[in-house]
Amino acid sequence: MEKKQVWVIGHKNPDTDSICAAIAYANLKNNLKEQGETAAPDVEYVPMRAGDLNAETEYVLNRFQAPLPGLVTDVGTQIRDIHIRKTEGVSSHISMKKAWEMMKILGVVTLPVVKNGKLEGLIVTGDIAKSYMDVYDNTILSTARTQYKNIVETLEGQLLTGNEHAYFVHGKVVIGVGTPEVLSTAVDSDDLVMIGDREESQMLSIASNCSCMIVTNGYEVVPEVIEAARQRDVVLISTPYDTFTAARLINQSIPIKHFMTKKDIIHFHLDDYVDEVRESVAKIRHRDFPILDENQNYVGMFSRRNLMDSQKKQLILVDHNEKSQAVTNIEEAEILEIIDHHRLGSLETMAPVYFRNQPLGCTSTIVYQMYQEKNVEITAQMAGLMCSAILSDTLMFRSPTCTPLDKEAASSLAEIAGVKVEELAAAMFKAGSNFDSKTEEEILNQDFKTFHYGDISFGVAQISAMNRQELDAVQKRIEPKMEQMMGEKQVQMLFVMLTDILNEATFLIYRGADASQIAARAYDRAPNQEGIMLENVVSRKKQLIPALINSMAEA
(Lines give C-alpha, C1' and ligand atoms only; values in the text may rest on other atoms or scores of the structure.)
Protein backbone atom coordinates (compact mmCIF):
# COMPACT_ATOMS: atom_id res chain seq x y z
CA MET A 1 0.00 0.00 0.00
CA GLU A 2 1.31 3.42 -0.97
CA LYS A 3 1.86 5.60 2.08
CA LYS A 4 0.02 8.89 2.29
CA GLN A 5 2.18 11.87 3.14
CA VAL A 6 1.52 14.52 5.74
CA TRP A 7 3.81 17.51 5.30
CA VAL A 8 5.28 19.23 8.35
CA ILE A 9 6.12 22.75 7.26
CA GLY A 10 7.15 26.13 8.65
CA HIS A 11 6.57 29.64 7.36
CA LYS A 12 7.71 31.42 4.23
CA ASN A 13 11.28 32.76 4.28
CA PRO A 14 12.11 30.02 6.79
CA ASP A 15 14.47 30.58 9.69
CA THR A 16 16.40 27.94 11.61
CA ASP A 17 13.53 27.20 13.99
CA SER A 18 10.92 26.65 11.28
CA ILE A 19 13.21 24.21 9.45
CA CYS A 20 14.57 22.34 12.47
CA ALA A 21 11.17 22.16 14.17
CA ALA A 22 9.68 20.67 10.99
CA ILE A 23 12.40 18.01 10.80
CA ALA A 24 12.28 17.17 14.50
CA TYR A 25 8.49 17.06 14.71
CA ALA A 26 8.16 14.88 11.60
CA ASN A 27 10.69 12.51 13.18
CA LEU A 28 8.68 12.45 16.40
CA LYS A 29 5.43 11.69 14.57
CA ASN A 30 7.04 8.86 12.60
CA ASN A 31 8.45 7.39 15.81
CA LEU A 32 5.03 7.53 17.47
CA LYS A 33 3.51 5.83 14.44
CA GLU A 34 6.05 3.00 14.66
CA GLN A 35 5.23 2.59 18.34
CA GLY A 36 1.55 2.28 17.49
CA GLU A 37 0.51 5.53 19.16
CA THR A 38 -1.15 6.91 16.03
CA ALA A 39 -4.16 5.50 14.21
CA ALA A 40 -2.70 6.00 10.74
CA PRO A 41 0.00 3.39 10.03
CA ASP A 42 -0.10 4.14 6.30
CA VAL A 43 0.90 7.79 6.82
CA GLU A 44 4.42 9.12 6.45
CA TYR A 45 5.29 12.47 8.04
CA VAL A 46 7.63 14.45 5.79
CA PRO A 47 9.41 17.71 6.70
CA MET A 48 9.12 20.40 4.04
CA ARG A 49 10.17 24.02 3.64
CA ALA A 50 8.27 26.98 2.22
CA GLY A 51 11.30 28.87 0.92
CA ASP A 52 15.05 28.92 0.48
CA LEU A 53 17.37 28.41 3.44
CA ASN A 54 19.38 31.22 4.96
CA ALA A 55 23.09 30.72 5.53
CA GLU A 56 22.67 30.06 9.27
CA THR A 57 20.17 27.25 8.72
CA GLU A 58 22.26 25.79 5.93
CA TYR A 59 25.20 25.65 8.31
CA VAL A 60 23.10 23.86 10.94
CA LEU A 61 21.84 21.20 8.52
CA ASN A 62 25.34 20.60 7.21
CA ARG A 63 26.84 20.40 10.68
CA PHE A 64 24.35 17.81 11.90
CA GLN A 65 24.16 16.03 8.52
CA ALA A 66 20.41 16.50 8.20
CA PRO A 67 18.86 16.19 4.73
CA LEU A 68 17.44 19.30 3.15
CA PRO A 69 13.61 19.28 3.35
CA GLY A 70 11.82 19.42 0.03
CA LEU A 71 10.65 22.79 -1.25
CA VAL A 72 6.94 23.50 -1.58
CA THR A 73 5.71 26.98 -2.45
CA ASP A 74 2.05 26.21 -3.10
CA VAL A 75 -0.23 23.66 -1.43
CA GLY A 76 -3.17 24.10 -3.76
CA THR A 77 -4.84 20.89 -4.92
CA GLN A 78 -3.04 19.48 -7.94
CA ILE A 79 -3.79 16.81 -10.51
CA ARG A 80 -1.58 14.44 -8.47
CA ASP A 81 -4.12 14.82 -5.63
CA ILE A 82 -7.12 13.56 -7.61
CA HIS A 83 -8.02 9.97 -8.50
CA ILE A 84 -5.92 9.11 -11.53
CA ARG A 85 -7.24 6.26 -13.64
CA LYS A 86 -4.25 4.05 -14.39
CA THR A 87 -5.38 3.13 -17.90
CA GLU A 88 -2.44 1.36 -19.50
CA GLY A 89 -1.15 2.76 -22.73
CA VAL A 90 -1.67 0.65 -25.85
CA SER A 91 0.41 0.21 -28.98
CA SER A 92 -0.57 2.13 -32.08
CA HIS A 93 -0.45 -1.17 -34.00
CA ILE A 94 -3.39 -2.88 -32.27
CA SER A 95 -6.60 -3.25 -34.27
CA MET A 96 -9.69 -1.12 -33.96
CA LYS A 97 -11.57 -4.27 -32.87
CA LYS A 98 -9.10 -4.97 -30.06
CA ALA A 99 -9.24 -1.34 -28.95
CA TRP A 100 -13.04 -1.54 -28.77
CA GLU A 101 -12.91 -4.77 -26.78
CA MET A 102 -10.45 -3.22 -24.32
CA MET A 103 -12.70 -0.19 -23.87
CA LYS A 104 -15.64 -2.45 -23.03
CA ILE A 105 -13.61 -4.47 -20.53
CA LEU A 106 -12.12 -1.37 -18.86
CA GLY A 107 -15.35 0.64 -19.01
CA VAL A 108 -13.66 3.62 -20.67
CA VAL A 109 -14.27 5.67 -23.80
CA THR A 110 -10.66 6.72 -24.37
CA LEU A 111 -7.45 4.74 -24.70
CA PRO A 112 -4.01 6.38 -24.56
CA VAL A 113 -1.57 5.30 -27.25
CA VAL A 114 1.92 5.09 -25.77
CA LYS A 115 5.38 4.21 -27.03
CA ASN A 116 8.41 3.96 -24.72
CA GLY A 117 6.45 5.79 -22.04
CA LYS A 118 5.62 8.76 -24.29
CA LEU A 119 2.10 9.65 -25.34
CA GLU A 120 1.67 9.15 -29.09
CA GLY A 121 -2.05 9.70 -29.42
CA LEU A 122 -5.57 9.00 -28.21
CA ILE A 123 -8.23 6.69 -29.63
CA VAL A 124 -11.84 7.32 -28.55
CA THR A 125 -15.14 5.56 -29.20
CA GLY A 126 -15.99 8.20 -31.77
CA ASP A 127 -12.95 7.16 -33.82
CA ILE A 128 -14.11 3.54 -33.75
CA ALA A 129 -17.62 4.52 -34.80
CA LYS A 130 -16.14 6.49 -37.68
CA SER A 131 -14.11 3.47 -38.81
CA TYR A 132 -17.27 1.36 -38.85
CA MET A 133 -19.71 3.81 -40.37
CA ASP A 134 -17.72 5.78 -42.94
CA VAL A 135 -17.41 4.41 -46.45
CA TYR A 136 -13.88 3.50 -47.50
CA ASP A 137 -12.59 2.10 -50.77
CA ASN A 138 -11.05 -1.35 -51.08
CA THR A 139 -7.50 -0.07 -50.56
CA ILE A 140 -8.06 1.20 -46.99
CA LEU A 141 -6.34 -1.82 -45.41
CA SER A 142 -3.12 -1.32 -47.35
CA THR A 143 -3.26 2.47 -46.98
CA ALA A 144 -3.42 1.96 -43.19
CA ARG A 145 -0.50 -0.54 -43.33
CA THR A 146 -2.46 -3.28 -41.59
CA GLN A 147 -0.48 -6.05 -39.94
CA TYR A 148 -1.52 -9.61 -40.86
CA LYS A 149 -1.54 -10.44 -37.16
CA ASN A 150 -4.43 -7.98 -36.74
CA ILE A 151 -6.34 -9.64 -39.58
CA VAL A 152 -5.90 -13.10 -38.02
CA GLU A 153 -7.11 -11.83 -34.60
CA THR A 154 -10.04 -9.86 -35.99
CA LEU A 155 -11.30 -12.79 -38.07
CA GLU A 156 -10.50 -15.27 -35.28
CA GLY A 157 -8.58 -17.11 -37.95
CA GLN A 158 -5.69 -19.52 -38.23
CA LEU A 159 -2.45 -18.65 -39.96
CA LEU A 160 -1.55 -21.47 -42.35
CA THR A 161 1.45 -19.91 -44.12
CA GLY A 162 3.38 -16.63 -44.11
CA ASN A 163 4.64 -14.13 -41.55
CA GLU A 164 1.92 -12.71 -39.34
CA HIS A 165 4.19 -9.83 -38.34
CA ALA A 166 4.42 -8.57 -41.92
CA TYR A 167 2.17 -5.78 -43.19
CA PHE A 168 -0.39 -5.52 -45.99
CA VAL A 169 0.94 -2.37 -47.66
CA HIS A 170 -0.02 -2.63 -51.35
CA GLY A 171 -3.09 -3.67 -53.29
CA LYS A 172 -6.78 -3.90 -52.61
CA VAL A 173 -9.27 -6.27 -51.00
CA VAL A 174 -10.99 -8.58 -53.51
CA ILE A 175 -13.94 -10.89 -52.89
CA GLY A 176 -13.16 -14.04 -54.90
CA VAL A 177 -16.49 -14.73 -56.63
CA GLY A 178 -17.39 -15.50 -60.21
CA THR A 179 -15.74 -17.73 -62.76
CA PRO A 180 -11.98 -18.34 -62.78
CA GLU A 181 -11.77 -16.08 -65.84
CA VAL A 182 -13.49 -13.22 -64.00
CA LEU A 183 -11.33 -13.77 -60.92
CA SER A 184 -8.10 -13.75 -62.93
CA THR A 185 -8.91 -10.27 -64.22
CA ALA A 186 -10.01 -9.00 -60.79
CA VAL A 187 -6.93 -10.06 -58.79
CA ASP A 188 -3.76 -8.04 -59.20
CA SER A 189 -0.34 -8.55 -57.69
CA ASP A 190 -0.21 -7.82 -53.93
CA ASP A 191 -4.01 -7.92 -53.48
CA LEU A 192 -5.78 -9.54 -50.53
CA VAL A 193 -8.32 -12.12 -51.67
CA MET A 194 -11.26 -13.43 -49.63
CA ILE A 195 -12.42 -16.70 -51.13
CA GLY A 196 -14.45 -19.87 -50.50
CA ASP A 197 -13.52 -23.53 -50.96
CA ARG A 198 -12.97 -23.61 -54.72
CA GLU A 199 -9.48 -25.01 -55.14
CA GLU A 200 -9.12 -23.80 -58.74
CA SER A 201 -9.89 -20.20 -57.75
CA GLN A 202 -7.54 -20.47 -54.77
CA MET A 203 -4.67 -21.62 -56.97
CA LEU A 204 -5.48 -18.94 -59.52
CA SER A 205 -5.31 -16.22 -56.86
CA ILE A 206 -1.92 -17.50 -55.71
CA ALA A 207 -0.70 -17.60 -59.29
CA SER A 208 -1.77 -13.95 -59.63
CA ASN A 209 0.76 -13.11 -56.86
CA CYS A 210 -1.77 -12.03 -54.25
CA SER A 211 -0.08 -11.10 -51.00
CA CYS A 212 -2.74 -12.65 -48.76
CA MET A 213 -5.57 -15.13 -49.21
CA ILE A 214 -8.34 -15.63 -46.67
CA VAL A 215 -10.37 -18.84 -46.95
CA THR A 216 -13.78 -18.33 -45.35
CA ASN A 217 -16.43 -20.56 -43.73
CA GLY A 218 -13.75 -22.65 -42.03
CA TYR A 219 -13.25 -24.68 -45.18
CA GLU A 220 -10.33 -27.07 -45.08
CA VAL A 221 -7.48 -25.96 -47.30
CA VAL A 222 -5.86 -28.80 -49.24
CA PRO A 223 -2.12 -29.39 -48.84
CA GLU A 224 -1.45 -28.47 -52.51
CA VAL A 225 -2.85 -24.98 -51.98
CA ILE A 226 -0.91 -24.54 -48.72
CA GLU A 227 2.33 -25.58 -50.44
CA ALA A 228 1.70 -23.25 -53.40
CA ALA A 229 1.06 -20.36 -51.00
CA ARG A 230 4.23 -21.16 -49.07
CA GLN A 231 6.36 -21.18 -52.22
CA ARG A 232 5.09 -17.77 -53.30
CA ASP A 233 5.26 -16.26 -49.78
CA VAL A 234 1.50 -15.77 -49.68
CA VAL A 235 -0.02 -15.20 -46.25
CA LEU A 236 -2.72 -17.85 -46.03
CA ILE A 237 -5.43 -17.49 -43.38
CA SER A 238 -8.43 -19.68 -42.62
CA THR A 239 -11.42 -18.08 -40.82
CA PRO A 240 -14.61 -19.67 -39.46
CA TYR A 241 -16.67 -16.67 -40.61
CA ASP A 242 -18.61 -16.72 -43.86
CA THR A 243 -17.48 -14.41 -46.63
CA PHE A 244 -20.07 -11.70 -45.91
CA THR A 245 -19.22 -11.55 -42.20
CA ALA A 246 -15.47 -11.67 -42.86
CA ALA A 247 -15.78 -8.85 -45.39
CA ARG A 248 -17.75 -6.79 -42.85
CA LEU A 249 -15.25 -7.41 -40.05
CA ILE A 250 -11.97 -7.03 -41.90
CA ASN A 251 -11.87 -3.21 -41.71
CA GLN A 252 -11.82 -3.58 -37.91
CA SER A 253 -8.31 -5.01 -38.25
CA ILE A 254 -6.99 -1.58 -39.30
CA PRO A 255 -4.40 -0.34 -36.75
CA ILE A 256 -5.64 2.41 -34.46
CA LYS A 257 -2.80 4.71 -35.54
CA HIS A 258 -4.76 5.33 -38.75
CA PHE A 259 -7.66 6.89 -36.84
CA MET A 260 -6.16 8.11 -33.56
CA THR A 261 -5.64 11.77 -32.68
CA LYS A 262 -1.93 12.52 -33.01
CA LYS A 263 -1.59 16.31 -33.02
CA ASP A 264 -2.64 19.00 -30.56
CA ILE A 265 -3.50 16.45 -27.85
CA ILE A 266 -4.93 18.27 -24.86
CA HIS A 267 -3.08 16.97 -21.82
CA PHE A 268 -2.16 18.05 -18.30
CA HIS A 269 0.68 17.47 -15.86
CA LEU A 270 0.78 16.08 -12.33
CA ASP A 271 1.80 19.49 -10.95
CA ASP A 272 -1.03 21.42 -12.62
CA TYR A 273 -3.47 22.98 -10.17
CA VAL A 274 -7.02 21.70 -10.20
CA ASP A 275 -8.63 25.17 -10.27
CA GLU A 276 -6.77 26.05 -13.45
CA VAL A 277 -7.43 22.65 -15.00
CA ARG A 278 -11.14 22.90 -14.22
CA GLU A 279 -11.35 26.19 -16.10
CA SER A 280 -9.57 24.68 -19.09
CA VAL A 281 -11.62 21.47 -19.38
CA ALA A 282 -14.88 23.42 -19.07
CA LYS A 283 -14.17 24.81 -22.54
CA ILE A 284 -13.39 21.41 -24.08
CA ARG A 285 -15.85 18.75 -25.20
CA HIS A 286 -13.59 15.80 -24.40
CA ARG A 287 -14.50 13.49 -21.54
CA ASP A 288 -11.06 12.14 -20.64
CA PHE A 289 -7.64 13.73 -20.52
CA PRO A 290 -4.14 12.23 -20.33
CA ILE A 291 -1.69 13.15 -17.56
CA LEU A 292 2.07 13.48 -18.01
CA ASP A 293 4.83 13.69 -15.41
CA GLU A 294 7.72 16.15 -15.29
CA ASN A 295 9.62 14.05 -17.83
CA GLN A 296 6.66 14.10 -20.25
CA ASN A 297 5.98 10.41 -19.61
CA TYR A 298 2.39 9.19 -19.65
CA VAL A 299 0.99 8.59 -16.14
CA GLY A 300 -2.76 8.01 -16.45
CA MET A 301 -6.11 9.53 -17.33
CA PHE A 302 -8.73 11.65 -15.57
CA SER A 303 -12.25 12.80 -16.33
CA ARG A 304 -14.23 15.88 -15.29
CA ARG A 305 -15.83 13.82 -12.54
CA ASN A 306 -12.40 13.03 -11.07
CA LEU A 307 -11.80 16.76 -10.57
CA MET A 308 -14.63 16.78 -8.05
CA ASP A 309 -13.05 13.96 -6.06
CA SER A 310 -9.71 15.49 -5.11
CA GLN A 311 -7.84 14.90 -1.87
CA LYS A 312 -6.54 18.00 -0.12
CA LYS A 313 -2.91 18.06 0.94
CA GLN A 314 -2.58 17.41 4.67
CA LEU A 315 -0.28 19.68 6.66
CA ILE A 316 1.10 20.19 10.13
CA LEU A 317 2.20 23.79 10.63
CA VAL A 318 5.12 24.66 12.85
CA ASP A 319 6.43 28.06 13.98
CA HIS A 320 3.52 30.07 12.55
CA ASN A 321 -0.23 30.38 12.54
CA GLU A 322 -0.81 33.43 10.34
CA LYS A 323 -2.14 33.10 6.81
CA SER A 324 0.19 35.81 5.48
CA GLN A 325 3.21 33.77 6.62
CA ALA A 326 1.91 30.42 5.43
CA VAL A 327 2.67 28.72 2.15
CA THR A 328 0.53 29.88 -0.79
CA ASN A 329 -3.02 28.47 -1.05
CA ILE A 330 -2.99 27.31 2.55
CA GLU A 331 -6.81 27.60 2.53
CA GLU A 332 -6.97 24.69 0.04
CA ALA A 333 -5.04 22.35 2.33
CA GLU A 334 -6.25 20.36 5.32
CA ILE A 335 -4.43 21.52 8.45
CA LEU A 336 -4.14 18.72 10.99
CA GLU A 337 -2.00 20.33 13.70
CA ILE A 338 -0.32 23.61 14.59
CA ILE A 339 2.73 23.79 16.87
CA ASP A 340 3.73 27.39 17.54
CA HIS A 341 5.01 29.98 19.99
CA HIS A 342 3.69 33.19 18.40
CA ARG A 343 0.56 35.25 18.96
CA LEU A 344 -2.69 33.90 17.54
CA GLY A 345 -2.96 34.79 13.90
CA SER A 346 -5.46 34.76 11.06
CA LEU A 347 -5.52 31.12 10.00
CA GLU A 348 -8.89 29.41 9.86
CA THR A 349 -9.53 25.67 9.66
CA MET A 350 -12.53 23.70 8.41
CA ALA A 351 -12.37 21.21 11.28
CA PRO A 352 -10.95 21.16 14.81
CA VAL A 353 -7.18 20.69 14.91
CA TYR A 354 -4.59 19.86 17.52
CA PHE A 355 -3.19 23.31 18.38
CA ARG A 356 -0.31 23.62 20.82
CA ASN A 357 0.80 27.19 21.46
CA GLN A 358 3.10 28.09 24.35
CA PRO A 359 4.72 31.41 25.25
CA LEU A 360 8.27 30.14 24.81
CA GLY A 361 11.25 31.48 22.92
CA CYS A 362 11.24 28.76 20.27
CA THR A 363 8.96 26.19 18.66
CA SER A 364 11.69 23.58 19.01
CA THR A 365 11.46 23.92 22.78
CA ILE A 366 7.84 22.78 22.50
CA VAL A 367 8.86 19.90 20.25
CA TYR A 368 11.55 18.91 22.80
CA GLN A 369 8.88 18.82 25.51
CA MET A 370 6.73 16.56 23.35
CA TYR A 371 9.61 14.12 22.88
CA GLN A 372 9.90 13.94 26.66
CA GLU A 373 6.16 13.59 27.19
CA LYS A 374 5.99 10.71 24.72
CA ASN A 375 9.20 9.06 25.97
CA VAL A 376 10.73 9.08 22.50
CA GLU A 377 14.50 8.89 22.35
CA ILE A 378 16.20 12.01 21.00
CA THR A 379 19.11 11.20 18.71
CA ALA A 380 22.24 13.32 18.59
CA GLN A 381 21.16 14.65 15.21
CA MET A 382 17.68 15.71 16.39
CA ALA A 383 19.20 17.20 19.54
CA GLY A 384 21.66 19.26 17.50
CA LEU A 385 18.90 20.62 15.28
CA MET A 386 16.59 21.56 18.14
CA CYS A 387 19.40 23.09 20.18
CA SER A 388 20.46 25.20 17.18
CA ALA A 389 16.88 26.39 16.69
CA ILE A 390 16.60 27.52 20.32
CA LEU A 391 19.93 29.37 20.17
CA SER A 392 18.86 31.05 16.94
CA ASP A 393 15.40 32.14 18.07
CA THR A 394 16.56 33.36 21.48
CA LEU A 395 19.80 34.94 20.17
CA MET A 396 21.69 32.68 22.55
CA PHE A 397 19.31 33.49 25.45
CA ARG A 398 19.61 37.30 24.94
CA SER A 399 16.06 37.74 23.58
CA PRO A 400 13.33 38.72 26.07
CA THR A 401 11.27 35.90 24.60
CA CYS A 402 13.71 33.42 26.13
CA THR A 403 12.38 31.54 29.15
CA PRO A 404 14.05 29.27 31.69
CA LEU A 405 12.46 26.35 29.83
CA ASP A 406 14.28 27.37 26.64
CA LYS A 407 17.63 27.52 28.46
CA GLU A 408 17.00 24.18 30.14
CA ALA A 409 16.00 22.56 26.85
CA ALA A 410 19.04 23.94 25.00
CA SER A 411 21.38 22.74 27.73
CA SER A 412 19.94 19.21 27.73
CA LEU A 413 19.93 19.02 23.92
CA ALA A 414 23.52 20.29 23.70
CA GLU A 415 24.61 17.47 26.01
CA ILE A 416 22.84 14.86 23.87
CA ALA A 417 24.30 16.34 20.67
CA GLY A 418 27.78 16.55 22.17
CA VAL A 419 28.21 20.27 21.51
CA LYS A 420 28.95 23.38 23.55
CA VAL A 421 26.27 26.03 23.49
CA GLU A 422 28.62 29.00 23.17
CA GLU A 423 30.67 27.45 20.35
CA LEU A 424 27.59 26.34 18.39
CA ALA A 425 25.92 29.73 18.71
CA ALA A 426 29.03 31.62 17.63
CA ALA A 427 29.50 29.38 14.59
CA MET A 428 25.85 29.71 13.59
CA PHE A 429 25.75 33.48 13.91
CA LYS A 430 29.01 33.83 12.04
CA ALA A 431 27.63 31.75 9.17
CA GLY A 432 24.40 33.77 9.20
CA SER A 433 26.14 37.15 9.14
CA ASN A 434 28.35 36.38 6.15
CA PHE A 435 26.62 38.77 3.77
CA ASP A 436 29.35 39.13 1.16
CA SER A 437 28.10 36.26 -1.00
CA LYS A 438 24.43 37.33 -0.84
CA THR A 439 22.44 39.72 -2.95
CA GLU A 440 20.50 42.53 -1.33
CA GLU A 441 17.25 40.69 -2.10
CA GLU A 442 18.53 37.54 -0.39
CA ILE A 443 19.56 39.51 2.69
CA LEU A 444 16.15 41.17 3.01
CA ASN A 445 14.28 37.92 2.46
CA GLN A 446 16.29 35.66 4.74
CA ASP A 447 14.09 36.44 7.76
CA PHE A 448 11.07 38.36 6.51
CA LYS A 449 7.47 38.18 7.74
CA THR A 450 4.27 39.97 6.79
CA PHE A 451 1.84 41.25 9.42
CA HIS A 452 -1.61 42.86 9.33
CA TYR A 453 -3.42 45.36 11.50
CA GLY A 454 -6.89 46.18 10.22
CA ASP A 455 -6.44 47.30 6.63
CA ILE A 456 -2.73 47.91 7.11
CA SER A 457 -0.21 45.37 5.88
CA PHE A 458 3.42 45.73 6.84
CA GLY A 459 6.56 43.67 6.54
CA VAL A 460 9.34 43.18 9.06
CA ALA A 461 12.76 41.81 8.17
CA GLN A 462 15.39 41.05 10.80
CA ILE A 463 19.08 40.97 9.99
CA SER A 464 21.40 39.90 12.79
CA ALA A 465 25.17 40.11 13.07
CA MET A 466 27.85 39.84 15.71
CA ASN A 467 28.96 43.47 15.47
CA ARG A 468 27.77 46.91 14.41
CA GLN A 469 30.28 47.29 11.56
CA GLU A 470 28.79 44.39 9.61
CA LEU A 471 25.30 45.83 10.02
CA ASP A 472 26.37 49.30 8.87
CA ALA A 473 27.76 47.81 5.67
CA VAL A 474 24.58 45.82 5.09
CA GLN A 475 22.41 48.88 5.72
CA LYS A 476 24.08 50.80 2.89
CA ARG A 477 23.43 47.91 0.53
CA ILE A 478 19.78 47.21 1.33
CA GLU A 479 18.37 50.74 1.72
CA PRO A 480 18.14 51.35 -2.06
CA LYS A 481 16.16 48.10 -2.40
CA MET A 482 13.56 48.67 0.30
CA GLU A 483 11.02 50.55 -1.84
CA GLN A 484 11.22 47.80 -4.44
CA MET A 485 10.66 45.14 -1.80
CA MET A 486 7.51 46.91 -0.57
CA GLY A 487 6.06 46.56 -4.05
CA GLU A 488 7.08 42.92 -4.38
CA LYS A 489 5.63 41.99 -0.99
CA GLN A 490 2.56 44.21 -1.47
CA VAL A 491 2.94 45.90 1.89
CA GLN A 492 2.31 49.54 2.80
CA MET A 493 5.28 49.77 5.12
CA LEU A 494 8.56 47.95 5.56
CA PHE A 495 10.59 47.80 8.76
CA VAL A 496 14.08 46.29 8.92
CA MET A 497 15.67 45.35 12.25
CA LEU A 498 19.48 45.53 12.11
CA THR A 499 20.20 43.59 15.28
CA ASP A 500 23.59 43.60 17.02
CA ILE A 501 23.55 40.30 18.90
CA LEU A 502 26.44 40.88 21.28
CA ASN A 503 25.40 44.41 22.27
CA GLU A 504 21.71 43.49 22.37
CA ALA A 505 20.59 46.50 20.33
CA THR A 506 18.70 47.10 17.10
CA PHE A 507 18.87 49.94 14.63
CA LEU A 508 15.43 50.14 13.01
CA ILE A 509 15.09 51.49 9.48
CA TYR A 510 11.84 51.78 7.55
CA ARG A 511 10.02 52.83 4.42
CA GLY A 512 6.39 53.76 3.78
CA ALA A 513 4.23 56.84 4.16
CA ASP A 514 3.62 56.57 7.94
CA ALA A 515 6.49 54.28 8.92
CA SER A 516 8.68 56.91 10.61
CA GLN A 517 5.77 58.34 12.66
CA ILE A 518 4.58 54.87 13.71
CA ALA A 519 8.08 53.79 14.77
CA ALA A 520 8.69 57.05 16.65
CA ARG A 521 5.36 56.84 18.47
CA ALA A 522 5.98 53.16 19.32
CA TYR A 523 9.17 53.99 21.20
CA ASP A 524 8.40 57.57 22.27
CA ARG A 525 11.03 59.08 19.98
CA ALA A 526 11.13 62.05 17.68
CA PRO A 527 10.39 61.07 14.04
CA ASN A 528 13.60 60.39 12.14
CA GLN A 529 13.66 59.37 8.50
CA GLU A 530 17.11 57.80 8.89
CA GLY A 531 16.02 55.28 11.53
CA ILE A 532 16.07 54.92 15.31
CA MET A 533 18.42 53.08 17.67
CA LEU A 534 16.64 50.73 20.08
CA GLU A 535 18.74 49.61 23.03
CA ASN A 536 17.88 46.23 24.54
CA VAL A 537 15.49 45.48 21.68
CA VAL A 538 16.29 42.24 19.85
CA SER A 539 12.97 40.40 19.57
CA ARG A 540 10.67 41.02 16.63
CA LYS A 541 7.88 38.97 18.18
CA LYS A 542 7.89 40.39 21.68
CA GLN A 543 9.49 43.83 21.45
CA LEU A 544 8.78 45.17 17.97
CA ILE A 545 5.47 43.85 16.62
CA PRO A 546 3.37 44.65 19.72
CA ALA A 547 4.88 48.16 19.89
CA LEU A 548 4.19 48.86 16.21
CA ILE A 549 0.60 47.57 16.41
CA ASN A 550 -0.11 49.64 19.52
CA SER A 551 1.26 52.67 17.70
CA MET A 552 -0.97 51.97 14.69
CA ALA A 553 -3.96 51.69 17.04
CA GLU A 554 -3.22 55.16 18.47
CA ALA A 555 -3.04 56.79 15.03
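The values are calculated or read from the model by the stated rules, or taken from the named source; none is laboratory data. None of the values given here were measured: they were computed from a predicted structure. Positions of Cβ are backbone-derived with ideal geometry, glycine not excepted, and every protein chain shown enters the neighbour counts. Please note that ligands, DNA and RNA were not included when accessible areas were found on the heavy atoms of the full protein model with its side chains. Shrake-Rupley method; radii C 1.70, N 1.55, O 1.52, S 1.80 Å.
The figures follow:
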{"read-out": "Placed amide H near T161: partners under 5 Å, 5+ positions off or other chain", "value": "L236"}
{"read-out": "All-pairs alpha carbon distance profile, region 451-507, 5 Å steps from 0, percent", "value": "4, 19, 25, 19, 16, 11, 5, 1"}
{"read-out": "In Å, descending, principal axis extents of the Cα set of region 109-245", "value": "48, 30, 25"}
{"read-out": "Backbone HN-Hα couplings from phi across region 442-456 [Karplus 6.51/-1.76/1.60, Hz, Gly and Pro as x]", "value": "5, 5, 5, 8, 5, 8, 10, 9, 9, 10, 9, 9, x, 8, 8"}
{"read-out": "Apportionment of accessible area to carbon and sulfur, region 206-271, percent (1.4 Å)", "value": "48 percent"}
{"read-out": "Estimated translational D of region 3-95 in µm²/s (Stokes, Kirkwood radius over Cα pairs; 20 °C; 1.002 mPa s)", "value": "137 µm²/s"}
{"read-out": "Size of electric dipole in region 479-541: Cβ of Lys, Arg +1 and of Asp, Glu -1, about Cα centre, debye, nearest 20", "value": "220 debye"}
{"read-out": "Cβ-based net charge around I237, under 12 Å, with every Lys or Arg adding one and every Asp or Glu removing one", "value": "-2"}
{"read-out": "Viscosity 1.306 mPa s, temperature 10 °C, Stokes-Einstein D of region 444-547 from Kirkwood C-alpha radius, µm²/s", "value": "116 µm²/s"}
{"read-out": "Sorted peptide list for 278-285, 90-97, criterion being average Cβ within 10 angstrom, highest first", "value": "90-97, 278-285"}
{"read-out": "DSSP bridge orientation in region 454-506 - percent antiparallel, rounded to nearest 5", "value": "20 percent"}
{"read-out": "The chain, relative contact order [Cα under 8 Å, separation at least 6], %", "value": "15 percent"}
{"read-out": "Long-range HN-HN contacts of G121 with modeled amide H, under 5 Å", "value": "V113"}
{"read-out": "Rounded to the nearest 20 debye, dipole of region 1-90 from Cβ charges on Lys, Arg, Asp, Glu", "value": "240 debye"}
{"read-out": "Taking the convex hull of Cα positions in region 318-424, its mean projected area over all directions (nm²)", "value": "7.4 nm²"}
{"read-out": "Beta bridges per DSSP with both ends in the chain, % antiparallel, nearest 5", "value": "45 percent"}
{"read-out": "Accessible solvent surface per residue of the chain, calculated while the other protein chains remain in place, 1.4 angstrom probe, Å²", "value": "46 Å²"}
{"read-out": "Principal semi-axes in Å for the chain [√(5λ), Cα gyration tensor, largest first]", "value": "76, 24, 19"}
{"read-out": "Positive-pole candidate from I23, P255, I84, dipole of the chain, charges at beta carbon", "value": "I84"}
{"read-out": "Percent of alpha-carbon pairs separated by more than 19 Å within region 169-257", "value": "33 percent"}
{"read-out": "Residue (of T216, T379, S205) at the positive-pole extreme of the chain, dipole from beta-carbon charges", "value": "T216"}
{"read-out": "At least 18 Å along the helix axis (C-alpha) and Kyte average at least 0.5, DSSP helices within the chain", "value": "380-393"}
{"read-out": "Equivalent ellipsoid dimensions for region 251-343 as semi-axes, Å, which come from the Cα gyration tensor, largest first", "value": "40, 13, 11"}
{"read-out": "Largest-first principal axis extents, alpha carbons of region 137-190, Å", "value": "32, 24, 17"}
{"read-out": "Binned Cα-Cα distance frequencies in region 412-463 - 10 Å width, integer %", "value": "20, 31, 26, 19, 4"}
{"read-out": "The chain, helix-only ellipticity at 222 nm - DSSP H runs n ≥ 4, -39,500 (n - 2.57), divided by all residues, nearest 500", "value": "-10000 deg cm²/dmol"}
{"read-out": "Values of log10 I(q)/I(0), in the order q = 0.18, 0.20, 0.21 Å⁻¹, for region 344-499 under a Debye, Cα-only, solvent-free model", "value": "-1.15, -1.22, -1.25"}
{"read-out": "Positive minus negative residues near A519 (Lys, Arg vs Asp, Glu; Cβ under 12 Å)", "value": "0"}
